[in-house]
Amino acid sequence: MSVKISPSILASDFSALGDEVQRITSAGADYVHVDVMDGHFVPNITMGPNVVKSVRDRSDLPFDVHLMIDPVQPYIENFVDAGSNIITVHHETNDDTKSCIQKIKSFGVKAGLAINPETEWEVAKQYMEEIDMIIVMSVHPGFGGQKFIPSALKKLEAIRKEIDQSGRSIELEIDGGVDFDNVQSTIDAGANVIVAGTTTFKGGPDKYANNIEQLRGS
Ligand code: DX5
Ligand code: ZN
């Protein structure tokens, strides 16, 4: 199975965000991971649809937009209009996650489901018929640069099995604390999309291509 790398621009230099998006694209990234935080669902505020829109034309890669916001529903169309290609919503919001997923799909955009470290993987089953991606969080969402929570590996294994049995092509993404030392264990456990913020941007622009290559294990 080929592995995709989705650098989280949360770890990039925000003062040159467009350039950073362009640099990771030239450096061989597969997706651009955008962490959207509202200071309510998670204790941090990052960026909204206007930011996505302003850097959209700096890359041809799919934008993998991870919404850590609650409510979700009122903002979906804005993120679609901004040029998102995959929009992921959290099971743990108070919003109706299923109808958010349906709304995302109604715009012809791919939909993902994210689950927090304390959430049982089985909750994903109810969404499997509709989703295109599952994000297993290996940190508590809110901040980059946290330590990987190893129990995410068991979850990846269980969800990988479920996806394979479903016969649907659902991507399995791991998000949070992935580094050169633990990336292979996430791939072995079944992840096929790797989010990496700190690890991709480590060492500055000259290192991005090497970092991405090393994450891919190639
Ligand atoms: C956490 C975010 C992650 C995180 C990844 O809330 O969803 O995408 O920023 O960053 P690193 O790779 O630094 O853990
Ligand atoms: Zn994320």
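Each DSSP beta bridge with both residues in the chain is either parallel or antiparallel, and the antiparallel ones are about 5%. Taking the 1.4 Å solvent-accessible surface of the chain as the whole, the part contributed by carbon and sulfur is 47%. Neighbours of Val55 by Cβ distance under 15 Å: Lys/Arg scored +1, Asp/Glu scored -1, total -4. Comparing Cα centroids, segment 58-107 and segment 129-152 end up 16 angstrom apart. Backbone geometry of segment 54-68 corresponds, through the Karplus equation with coefficients 6.51, -1.76 and 1.60 at θ = phi - 60°, to 3J(HN,Hα) couplings of 6, 10, 4, 7, 8, 7, 8, 6, x, 8, 9, 9, 9, 8, 10 Hz, x marking Gly and Pro. Across the cross-link table entries Lys98/Lys155; Lys4/Lys147; Lys4/Lys105; Lys98/Lys147, which are compared at the Cα atoms, the separations over 24 Å belong to Lys98/Lys147. Tell me which of Ile5, Val139, Val89 sits at the most positive position along the dipole axis of segment 1-158, charges placed on C-beta atoms (Lys, Arg +1; Asp, Glu -1). Positive-end residue among those listed: Ile5. Taking every protein chain into account, the accessible area of segment 4-216 amounts to 42 square angstrom per residue (probe 1.4 Å).
Across every direction, the projection of the convex hull enclosing the Cα atoms of the chain has a mean area of 10.6 nm². Taking the square roots of 5 times each eigenvalue of the Cα gyration tensor of segment 121-212, largest first, gives ellipsoid semi-axes of 26, 13, 12 Å.
In this structure, the amide hydrogen of Glu171, modeled 1.01 Å from its nitrogen in the peptide plane, lies closer than 5 angstrom to those of Met133, Ile134, counting only residues at least 5 positions away or on a different chain. From helices alone, the chain scores -8500 deg cm²/dmol at 222 nm; the rule is -39500 (n - 2.57) for each run of n ≥ 4 DSSP H residues, then divide by the residue total.
The values are calculated or read from the model by the stated rules, or taken from the named source; none is laboratory data. The shown structure was predicted, so the numbers you read here are calculated from the model rather than taken from an experiment. Please note: Cβ atoms are built from the backbone with ideal geometry, for glycine as well, and neighbour counts cover all protein chains shown. When the accessible area is computed, the model is the full protein with side chains, heavy atoms only, and any ligands, DNA or RNA have been set aside. Shrake-Rupley method; radii C 1.70, N 1.55, O 1.52, S 1.80 Å.
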